[in-house]
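The values are calculated or read from the model by the stated rules, or taken from the named source; none is laboratory data. For clarity, every value in this text was computed on a predicted model and none was experimentally measured. Cβ placement follows ideal geometry from the backbone for every residue including glycine, while neighbour counts extend to all protein chains displayed.
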Amino acid sequence: MRWRTMRWQTPSRAVRKTPDGKADQGNNVIIVLKNTLYLDNTNTSAKSTTATGTAKNETRDEQQHAIPTITAGSKPERKNNPYPTTVVFRQTTPVKTTDGKTYTERLLLRNTMAGTLVVDDFKQMVYHDSKTGDSLRYNIFVPSKETDASRKYPLVVFLHDASCAGQEDTYTLRQGLGAVVWATPEEQAKHPCIVVAPQFDEVVVDDDYHQTSAAESTMDLIRDLLARYPVDTTRVYITGQSMGCMMTYLLMSKYPSLFAAGYLVAGHWRASDLAPMSKKPLWLVSSAGKSKEGAEEAIAEWQQHGGVAATAEWPLTATDEERDAATAALLAQSGNIHYSHLTSGSHFDTWRVAYGFRAIRDWLFRQHK
């Protein structure tokens, strides 16, 4: 048989590229599947008509996939095998081998094993919080022990959105880039760090600013990690998307001295609570709806307390080079707070692309307390 293959790498594993041509008999075949994200690159505001016939503005989220109402403490139903890793090959035409033999059977082949790059490098743990009584599941990535054993590493805390609540242990790692992007071989080569991504059993915060004890358990988990792992305590970073962004606002405002910087993606919190964050290095990304309004209200609050903000409007889609240039231009403006408003796309698209902004990731790792 003839296989067309692509070169790829994965750490700590020996992988041989099969060239265009025949695969050796009896050898395993490794197939890499790449997921492609769909982005709704349209204007975030459009006109629709209400039941009474009056026109109103609707975001793309409201038109196509309205953001569901979330309630703190609710536990969504667990999805059954949400990210299957089964590959099936079905023979549709006769196959002729190099020795002239022809196989006409309609073969059906399935993979015998599967792995998920980067995700498999995280360990799944449970933190039992004696203060709250919560048992908090979390995923943790620690750089290889082959590195300097005496070295201390930045800690990146990623907090997922409400759609991940109640799901299996690694759901937050598979759903998007927010957790795994920091642990890729390319990112670790530039910025070795420890990454922790809790997997919450419930919706932790909601749009009415209610919260469960899991928010405080998250802080207790972070303190526990600082005590047990070689963390550079001057470089603890926190980030989150949607519900996780709301938690980032909440935790940074309650415990500003713990964090060196925050990356806030598509979320909001009560602006009057956020003054303690005013002088922290912050980067906000949002598109439309409550997250945009929340970003603007938060910035206004911070400015009243001495924060200095620089803002810019960005398109949803751009090349890495274009995004690097836009980031550099925003950084050239003075300020400890930077806000990138995505002028197209939806709430969901915001956090699908935000963790791909490499120049913002580089900015984050330059921040120290």
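I'm trying to understand the selection: among the residues of the stretch 313-334, which are surrounded by 18 or more Cβ atoms within 10 Å (Cβ to Cβ) and either touching a Pro at 6+ places or on another chain (Cβ under 6 Å) or not hydroxyl-bearing (Ser, Thr, Tyr) (or both)?
Matches in the stretch 313-334: Trp314, Leu316, Arg323, Ala326, Leu330.
Please indicate, with yes or no, whether at least one residue in the stretch 315-326 is aliphatic (A, V, I, L, M), within 14 Å of Ala359 (Cβ to Cβ) and not in a helix (DSSP H, G or I).
Checking the stretch 315-326: at least one residue is aliphatic (A, V, I, L, M), within 14 Å of Ala359 (Cβ to Cβ) and not in a helix (DSSP H, G or I).
Taking the criterion of being aromatic (Phe, Trp, Tyr), under 30 Å from Gln304 (Cβ atoms) and in contact with a helix residue (DSSP H, G or I) (Cβ under 6 Å, 6 or more places away or on another chain), would at least one residue in the stretch 240-250 satisfy it?
no
Is it the case that Ala227 is at negative phi and free of Cβ contacts under 8 Å to residues at least 24 places away in the same chain?
Yes: the conditions hold for Ala227.
Among the residues of the stretch 123-135, is there at least one that is buried (at least 17 other Cβ atoms within 10 Å of the Cβ), under 22 Å from Cys245 (Cβ atoms) and under 19 Å from the mean Cα position of the chain (by Cα)?
Among the residues of the stretch 123-135, not one is buried (at least 17 other Cβ atoms within 10 Å of the Cβ), under 22 Å from Cys245 (Cβ atoms) and under 19 Å from the mean Cα position of the chain (by Cα), which makes the answer no.
His338 fails exactly one of the following numbered conditions: (1) of a type outside the set (D, E, K, R); (2) in contact with a helix residue (DSSP H, G or I) (Cβ under 7 Å, 6 or more places away or on another chain); (3) closer than 26 Å to Asp232 by Cβ; (4) surrounded by fewer than 15 Cβ atoms within 10 Å (Cβ to Cβ). What is the number of that condition?
With (1) of a type outside the set (D, E, K, R); (2) in contact with a helix residue (DSSP H, G or I) (Cβ under 7 Å, 6 or more places away or on another chain); (3) closer than 26 Å to Asp232 by Cβ; (4) surrounded by fewer than 15 Cβ atoms within 10 Å (Cβ to Cβ) applied to His338, the lone miss is (4).
Assuming Lys280 fulfils every condition listed in (1) at pLDDT 95 or above; (2) surrounded by fewer than 18 Cβ atoms within 10 Å (Cβ to Cβ) apart from one, which condition is it?
(2)
Any idea which residue in the stretch 149-207 is farthest from Pro76 (Cα to Cα), counting only those that are touching a residue at least 40 places away in the same chain (Cβ under 8 Å) and of a type in the set (Asp, Glu)?
Glu187
Residues Gly240, Gly267: which one is of a type outside the set (Lys, Arg) and part of a strand (DSSP E or B)?
None of the others qualify; the one that does is Gly240.
Output the number of residues of the stretch 89-123 satisfying the condition of being at pLDDT 80 or above, under 19 Å from Val181 (Cβ atoms) and not β-branched (Val, Ile, Thr).
Going through the stretch 89-123 one residue at a time, the tally reaches 5.
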